[in-house]
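Down below is the structure, laid out as structure tokens.
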Amino acid sequence: METAGSNTAEAARAAIRPPLWLLAELTYKCPLHCVYCSNPLDYMAAGRELSTADWVRVLQEGRAMGSAQLGFSGGEPLMRDDLVELVAEGRRLGYYSNLITSGIGLTEAKIKGLKDAGLDHIQVSFQDSTRELNDFLGSTRTFELKQKVARLCKAYDYPMVLNVVLHRLNIDHIEKILEMAEDLGVEYLELANSQFYGWAYLNRDHLIPTRAQLTAAEAAVKRFRDRIGDRMRVYFVVPDYHASRPKACMNGWGAVFITITPDGTVLPCHEAKMLPGISFPNVRELGLREIWHDSDAFNRYRGDGWMKDPCRSCADKDKDFGGCRCQSYLLAGDATEADPVCELSPHHHLVEAAVANAELAEPHKTRPLVFRLDQNSKEFCKLPR
């Protein structure tokens, strides 16, 4: 016999839309050691990676739920020997697939294999427009290789999609970055100012741009857009810390995005594992549909029942969803607080202080610049003078 409570629960479950975007973080392994890497600081402690069969099952379950867009990411996804096989399975299932890569390992043989397997889209990252800073920021000599990879993408009839993470150390090169993109025949350029999670949060004092740097960069992008017209689409993502209201993080917790980490942990965003008090489920133990609809982890911050003021009474709560839960935890120590980026947050002064510190000629540095470490590298690396 059905009860009113069971009917209400079933209605709430039915109202949860399927995840449209599935991000498969195939591995945390990466040949680069970027100072702004978004992977968790303790990524080396992750469990064993999912097998090919595990990933095939995950892709099938995601597609059965209604996921339409599939991202292959990492770390560096090209370090998985089964990438072509997984791309082919994604095509068989009907996903639109995207490879998010540093380009390291993308040989002509590999890109031909990916093309034949049905990969739809490749996004290549650069660290800078100069060999010296590009190679320094990734702590690997890759600049010429990345240029070859960019041209390979064009040769194999992929739209040239370029990503450059901007921050204090490279934002003054914005005009050269734009020129490099034009020279490479880029069709889509994402200039994503660093968001401060993972290694980027550890290096925050080094990476926050000054307001003058940001203003100059925005003006350079506008001039470039006016000149280039429709030949290139340029996306300029303003850093959270320089905004007065938060972004709609992931379009809401558990709303359209689902990510599976290399060891099978399922997250509503790629940073959520840092949040304490939440047991995130694993695809080795539960199916994706059950995780998405029924797990405490995915229902924790859906809707507005978890919100405190000022979010609970804010007219924009259905637009920005209170901002980023991970940013709230990192800055305010409580994931249920309003994102401190918001000027209405009682913790907004923490963001203002970080930005004010960036205005100093020599920002206070509590530690040297820290590169993403691997198992053979245990020492901090300092920015050269």
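The values are calculated or read from the model by the stated rules, or taken from the named source; none is laboratory data. The structure presented is a predicted model; accordingly, all values stated were derived computationally and were not measured. Neighbour counts run over all protein chains shown; Cβ positions are idealised from the backbone, glycine included. The protein model used for the area step is the full one, side chains on, heavy atoms only, and it has no ligands, DNA or RNA in it. Shrake-Rupley method; radii C 1.70, N 1.55, O 1.52, S 1.80 Å.
Here are some notes:
- Using a probe radius of 1.4 angstrom, the carbon and sulfur fraction of the accessible surface of the chain is 52%.
- Taking chymotrypsin sites (Phe, Trp or Tyr not before Pro) in DSSP loop states with no more than 15 other Cβ atoms inside 10 Å as exposed sites, the chain has its longest site-free stretch at 157-379.
- Where the stretch 1-140 is the region considered: accessible area per residue in Å², 1.4 Å probe: 43
- Extended-chain gain in nm, criterion 0.36 nm per residue less alpha-carbon gap, Asn251 and Asn357: 35.1 nm
- Surrounding net charge for Val221, when Lys and Arg each add one and Asp and Glu each subtract one, Cβ distance under 12 Å: +1
- DSSP bridge analysis restricted to the chain gives an antiparallel fraction near 10%, rounded to the nearest 5.
- The label-point distance for Arg289 and Asp318, in a model that sets each label 7 Å from Cα toward Cβ, rounds to 3.0 nm.
- Cα centroid of the stretch 337-356 to Cα centroid of the stretch 241-262, whole Å: 18
- Surface listing: Ile174, Ile16 arranged by accessible area from highest to lowest gives Ile16, Ile174, probe 1.4 Å.
- For q = 0.14, 0.18, 0.22 Å⁻¹, Debye-computed log10 I/I(0) when each Cα of the stretch 27-168 counts as one equal scatterer: -0.69, -1.09, -1.42
- Estimated Rh, the chain: Kirkwood, alpha-carbon pairs, angstrom: 22.0
- If R0 equals 35 Å, the separation of the Cβ atoms of Tyr96 and Thr336 corresponds to a calculated FRET efficiency of about 0.50.
- Measure of compaction for the stretch 284-366 (Cα Rg per 2.2 N^0.38 Å): 1.40
- Ranking by accessible area, most exposed first, for Ser313, Ser139 with a 1.4 Å probe: Ser313, Ser139
- Rounded to 0.05, the FRET efficiency of the Arg48 and His349 pair, given R0 = 56 Å and the Cβ-Cβ distance, is 0.85.
- Pairwise centroid distance, computed over Cα atoms, of the stretch 120-139 with the stretch 177-227, Å: 13
- Entry comment: accessible area of the stretch 286-356 is 43 Å² per residue, from protein heavy atoms only and a probe of 1.4 Å.
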